[in-house]
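Let me give you the structure first, and then I'll get to my questions.
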Amino acid sequence: ELPGFYYDSEKNRYFRLLPGHNNCNPLTKESIQYKAMECKRLRLLEEEEKQKKKTARPGLNSSMLLHKRQLGLLSSTSYCRLVHELKVNCMQRRKIEIHSPDSSVTGTNNFKIIVADVACERIFTVNDVEHGGCKYGIISLSGLGQESLTVEMYDNLYFTNRKVNSVCWASLTHPDSHRSVFSLTHWNTLCLMGIAETPGCASLLPASLFSNSNPGDRPGMLCSFKISTAWSCAWCLNPQADNCFSTGLTRRVLVTNVVTGHRQTFGTNSDVLAQQFATQSPVLYNGCRSGEIFSIDVRQRSRKGQGWKAVRLFHNSAVTSLRLLQAEHYLMAADMAGEIKLWDLRTTQCVKEYKGHHNEYAVLPLHVNEEEGLLTAVGQDCYTRLWSLRDAHLLRTIPSPHPAAKDAIPSVVLSSRLGGSRGVPGLLMAVKQDLYHFSYN
């Protein structure tokens, strides 16, 4: 490389590199990199259209797997895992038509976050509004089983001028006398970061808000309170800490019981960007901007100091996502250096690293499908990558249908039962104003 020049491989010569403020010939290093990335994305999209069948590993195909299974060389678990690897490599993209009772809802705002419930029957959406702020909606996935590939999207009147940092599904089961009608229903916990003039807040919205029922029959928020700058939230499903959710704030963790209103505060040395509760015990795992990961047993009372920290792990960069595996002996963590590590909580050692993820400063989630043996993550470069959980092999890299941009990072949901127990398997991708379905071939 020559200082002040760049090499054009097509024209086989050097050109002068000018600063970005020169409007007469605004040729910058960033614009050159963007052009190269866009050419690569278009080339990959063209290859995906031409190549209908792919193999993640050399020599891996369905007939060979079936033959080994019949000979007893593959266990049922290994056979199912390898079949899923084949399926995700043959997924084809199809655009989904979004219908809504309110015609003003569809196609007007960009998708920012999509989160599926436990049964993958519905998706909670956060959409950016053109004049600033965010609004929420719920998409029913029942129409994905049909060839028409249509979904219903329900909007509501709730709107916020705050930036939504984190969303999670909640299940409220407490038979409260004042709210018994809401028992055993699904709720959404929202974690909103305030702008300069307003503080942040945490809200618990009932899913029944997003329906065609009369406005008078719709319940209001169960819980909503103002807090300092909020980064993350998580709901606890363990019976010993029933009806509790946690909020990751600036230098502290706030655990709230939505029925009794009781709160516990745990001070930290850094902002808490990622959280997840264990299900077998009332333990909360937290990932911090400093790179530290620590756990809290919420049964103990909050106290001064850091003595309540149990498991402690460390990354070299800010931790942006945490996912516990089903046995809860392993924890998956991603950071802003693009590293994804699998930690053994019993030995506090890193046992696997998943290469290829790209991140520099964004808070990006991880998606673990342990039954299928898959790990999914969307990078800051707008590529969706899938790895094998077992051996960390990169199975597929999916380019975005839209040009890469800060406001066009896809949000995805991967499941073998999209739409419920009898749903269709595949990947949902929300980019800009569009929703795509990558179906198993």
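The values are calculated or read from the model by the stated rules, or taken from the named source; none is laboratory data. Note that the structure is predicted; figures quoted are calculated from it, not measured. We place every Cβ from the backbone using ideal geometry, glycine too, and count neighbours over all the protein chains shown. Surface areas here come from the heavy atoms of the whole protein model, side chains and all, with no ligands, DNA or RNA. Shrake-Rupley method; radii C 1.70, N 1.55, O 1.52, S 1.80 Å.
With LEU331, LEU322 as the choices, which residue is surrounded by 15 or more Cβ atoms within 10 Å (Cβ to Cβ) and within 19 Å of ASP271 (Cβ to Cβ)? Can you show your working first?
Numbers: LEU331 fails: within 19 Å of ASP271 (Cβ to Cβ).
Only one candidate passes the filter, namely LEU322.
Something else: On the basis of being open to solvent by 50 Å² or more (accessible area, probe 1.4 Å), within 24 Å of the chain's Cα centre (by Cα) and at pLDDT 85 or above, does LYS95 make the cut?
Details: open to solvent by 50 Å² or more (accessible area, probe 1.4 Å): yes; within 24 Å of the chain's Cα centre (by Cα): yes; at pLDDT 85 or above: yes.
Answer is yes for this residue.
Looking only at residues that are open to solvent by less than 20 Å² (accessible area, probe 1.4 Å) and in contact (Cβ under 8 Å) with a residue 40 or more places away in the chain in segment 255-272, which one is nearest to ILE296 (Cα to Cα)?
Let us first name the residues in segment 255-272 that are open to solvent by less than 20 Å² (accessible area, probe 1.4 Å), namely 255-256, 258, 266, 268, 270, 272.
Subset that is in contact (Cβ under 8 Å) with a residue 40 or more places away in the chain: 255-256, 258, 266, 272.
Numbers: VAL255: 10, THR256: 14, VAL258: 19, PHE266: 9, VAL272: 13 Å.
Out of the qualifying residues, it is PHE266.
While we're here: If you go through segment 418-439, how many residues are under 16 Å from VAL115 (Cβ atoms) and not aliphatic (A, V, I, L, M)?
So the count comes out to 1.
Now for a separate question. Let me confirm something: among ARG323, ARG301, which residue is in a loop (DSSP other than H, G, I, E, B) and basic (Lys, Arg)? Outline the logic, then answer.
Working: ARG323 fails: in a loop (DSSP other than H, G, I, E, B).
Only one candidate passes the filter, namely ARG301.
Looking at (1) out of contact with any Ser or Thr (no Cβ under 7 Å at 6 or more places or on another chain); (2) over 24 Å from LEU60 (Cα atoms); (3) buried (at least 19 other Cβ atoms within 10 Å of the Cβ); (4) of a type outside the set (Lys, Arg), can you tell me which one PRO401 breaks?
For PRO401, the failing item is (3).
For segment 107-143, name all the residues that are open to solvent by 20 Å² or more (accessible area, probe 1.4 Å), among the hydrophobic types (A, V, I, L, M, F, W, C) and in contact (Cβ under 8 Å) with a residue 60 or more places away in the chain.
Passing the criteria: ILE113, VAL115, ALA116, ALA119.
Moving on to the next point. For LEU395, work out the one condition from (1) free of Cβ contacts under 8 Å to residues at least 60 places away in the same chain; (2) farther than 22 Å from GLY291 by Cβ it doesn't fulfil.
(1)
Quick one: in segment 199-246, which of the residues that are aliphatic (A, V, I, L, M) and either modelled with pLDDT under 75 or in contact with a helix residue (DSSP H, G or I) (Cβ under 8 Å, 6 or more places away or on another chain) (or both) is most open to solvent (accessible area, probe 1.4 Å)?
Only one residue fits best here, namely MET221.
Quick check on this structure: which one of ARG41, ARG69 is at pLDDT 85 or above and not assigned by the TED database to the domain that holds ARG396?
Working: ARG69 fails: at pLDDT 85 or above.
After ruling out the rest, the residue left standing is ARG41.
So, one more: Could you list, in sequence order, all residues of segment 341-361 that are within 18 Å of the chain's Cα centre (by Cα), crowded, with 21+ Cβ neighbours inside 10 Å and touching a residue at least 40 places away in the same chain (Cβ under 8 Å)?
TYR354
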